[in-house]
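K.L.:
Before I ask anything, let me first share the structure, which is written out below as structure tokens.
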Amino acid sequence: MSKGIVFDKLDGSSFRIGIVVSRWNNHITDALLGRCKEALFETGVEEKNISVYQVPGAFEIPFVVSKLIREKNIDVIICLGSLIKGETMHFEYIADSVTKAIMRLNIDNDIPIIYGVLTCLTEQQAIDRSSESKNSGYEWGKAAIEMAKMLKH
């Protein structure tokens, strides 16, 4: 686990988790997903209680999150994606839109939504944040259980 964030002993055995993951930059998002699931398993979440929904890109994440909130019996949703700045304004538009949409869904609903979308200036930054030694997916998995636990009390 990365230094800086300390998680209490978390028991996730009673929670149902939805993970919405972008296939864009899948060499990054697959690594994030793997470590995120590892963190969930460490808290006692069973594989059968994790539903993974793959979407083409980060822009599609809020749509699926919105559907999950309305249609599924899920305790917490984790959004995983990787946006890497290119030579056009596309990065800025997508990063801003996705961030604001996820924030709005989080505020407007009674279900925690974990923002796990990397917004990096270079591909190397994204690789660094999804590597085995410093993988943000792990912390997002633990944060999901912490937030779900907070709302159950």
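The values are calculated or read from the model by the stated rules, or taken from the named source; none is laboratory data. Here the structure is a predicted model, which is why all the values come from computation and not from measurement. Here the Cβ positions follow ideal geometry from the backbone for every residue, glycine too, while neighbour counts run over all protein chains shown.
K.L.:
With respect to the numbered conditions (1) among the hydroxyl-bearing types (Ser, Thr, Tyr); (2) out of contact with any Lys or Arg (no Cβ under 7 Å at 6 or more places or on another chain); (3) in contact (Cβ under 8 Å) with a residue 40 or more places away in the chain; (4) surrounded by 14 or more Cβ atoms within 10 Å (Cβ to Cβ), which one is the sole condition not fulfilled by Ser131?
P.N.:
Only one criterion is unmet by Ser131, namely (4).
K.L.:
Within the stretch 48-105, take every residue that is of a type in the set (S, T, N, Q) and within 24 Å of Lys149 (Cβ to Cβ) and give me the one that is modelled with the lowest pLDDT. Explain how you work it out, then say what you get.
P.N.:
Filtering the stretch 48-105 for residues of a type in the set (S, T, N, Q) gives 49, 51, 54, 66, 73, 82, 88, 97, 99.
Narrowing further to those that are within 24 Å of Lys149 (Cβ to Cβ): 49, 51, 66, 73.
Numbers: Asn49: 96, Ser51: 96, Ser66: 96, Asn73: 89.
Filtering the stretch 48-105 for residues that are of a type in the set (S, T, N, Q) and within 24 Å of Lys149 (Cβ to Cβ), the one modelled with the lowest pLDDT comes out as Asn73.
Residue-by-condition table, conditions (1) of a type in the set (A, V, I, L, M); (2) on the phi > 0 side of the Ramachandran plot; (3) touching a Ser or Thr at 6+ places or on another chain (Cβ under 9 Å):
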position: Gly18; (1), (2), (3): no, no, yes
position: Asn25; (1), (2), (3): no, yes, yes
position: Pro62; (1), (2), (3): no, no, yes
position: Gly81; (1), (2), (3): no, no, yes
position: Lys85; (1), (2), (3): no, no, yes
position: Arg104; (1), (2), (3): no, no, no
position: Ile111; (1), (2), (3): yes, no, no
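K.L.:
Is it fair to say Ile61 is closer than 21 Å to Glu139 by Cβ and either among the polar types (S, T, N, Q) or touching a residue at least 40 places away in the same chain (Cβ under 8 Å) (or both)?
P.N.:
Working: closer than 21 Å to Glu139 by Cβ: yes; either among the polar types (S, T, N, Q) or touching a residue at least 40 places away in the same chain (Cβ under 8 Å) (or both): yes.
Yes: the conditions hold for Ile61.
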